[in-house]
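Accompanying notes for the structure given below.
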Amino acid sequence: MDEMEVLLRRGLGDLGLPETAAPAMARYGALLLETNQVMNLTAITDPADVAALHFLDSAALLTLTDFKEKSVADVGTGAGFPGLPLKIAEPSIRLTLLDAQGKRVRFLETVCAELGLADVECVHGRAEEFAADRRESFDLVTSRAVAALPVLAELCLPLVKVGGAFLAMKSVDSEAELAEAKRALETLGGRVEALRDYCLPGTDVRHRLVIIKKIRKTPEKYPRIFAKIKKNPL
Ligand code: SAH
């Protein structure tokens, strides 16, 4: 058993999640670091940091809200975070991974094939365009490290079903960002339901999950094209 797998077993156990997910995560972590030598996937390269900051940070969401049997889209998933660790630890999730960079999506397809995850949909595309096909069709939409909340809300909330939730992974000092997003959330049919702070096992790092409930349909004119979203956030 390598270092990453040991740390993952311990960390998953600390989170109260099944340690049986550790070998698949460790295999994925090894692929991530190997592929990262030739393709820019992550700035985090120490195996202990990969375990905590990528895998446990992602898996921790399972302790904060119910993902069982849910359809989940991970917007701007990059090398697969948080979406793929969630699927590995909670196989009943119906997962769609979305990223604007084709080479990252190809990496995700390789990981899914290597891990035998046959039912993960890997999509190369932009969130604001994906909404034309898959508007209001996901129970949950996750996103980490993609954009500030006023912009991110317009990328993500149109994809969420009414009654579902947008789960934004943020830092514990996100009050100003939340205040700035208030009008955008209202316009797009969202309402902040809870802020759940959590600690990454084996570290003193604290992160925050912002749970935004979809309470009304998003008006048809959103999302706008990205240039407009960026230039004039709601
Ligand atoms: N969520 C991952 C990756 C963050 S990097 C993690 O936390 O590790 C941000 C990623 O978002 C990049 O891979 C980029 O291609 C993607 N991205 C940025 N804007 C996007 C958009 N509008 N639609 C889809 N993907 C987007």
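Subtract the Cα-Cα distance of R206 and A227 from 0.36 nm times their separation in residues, and report this length gain in nm to one decimal.
Numbers: separation 21, 0.36 × 21 = 7.56 nm, distance 3.30 nm.
Computed gain between R206 and A227 is 4.3 nm.
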Worksheet item: What residue among T77, T63, T218 shows peak mean-square fluctuation when the chain is described by a Gaussian network model with Cα springs under 10 Å?
Response: T63
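So how do E220, E19 line up by other beta-carbon neighbours within 10 Å, fewest first?
Values: E220 7, E19 15.
Taking fewest neighbouring Cβ atoms as first place, the list is E220, E19.
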Discussion item. Can you show me the helix-derived [θ] at 222 nm for the chain, built from DSSP H runs with n ≥ 4 at -39,500 (n - 2.57) apiece and divided by the number of residues, rounded to the nearest 500.
Written reply: -10000 deg cm²/dmol
Worksheet item: Considering the chain, what Rg and Dmax in Å follow from its alpha-carbon atoms?
Response: 16.9, 52
Worksheet, complete the sentence: One finds the C-alpha centres of the range 93-120 and the range 1-80 to be spaced, in Å, by 14 Å
Worksheet item: What residues of the range 25-55 lie in the reach of a label at V6, counting those whose backbone N is under 12 Å from a point 7 Å from the Cα along Cα→Cβ?
Response: 48
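Of V151, V75, how do they rank once you tally other Cβ atoms within 10 Å and put the fewest first?
On the way: V151 19, V75 27.
Ranking V151, V75 by Cβ neighbours within 10 Å, fewest first, gives V151, V75.
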Discussion item. On a straight-distance basis, which lysines could pair with K70 in a cross-link, Cα separation under 17 angstrom, same-chain partners fewer than 8 positions away excluded?
Written reply: K87, K161, K213, K214
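Roughly what % of DSSP beta bridges within the chain run antiparallel, to the nearest 5?
Working: 16 of 34 bridges.
Percentage antiparallel, nearest 5: 45.
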Worksheet item: About the Cα centre of the chain, what is the dipole size in debye to 20, counting +1 per Lys and Arg Cβ and -1 per Asp and Glu Cβ, all else neutral?
Response: 1120 debye
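Each reported figure results from applying straightforward, stated rules to the coordinates on display, with no laboratory input. The shown structure was predicted, so the numbers you read here are calculated from the model rather than taken from an experiment. Cβ sites come from the backbone with ideal geometry, for glycine too, and all protein chains shown count toward neighbours.
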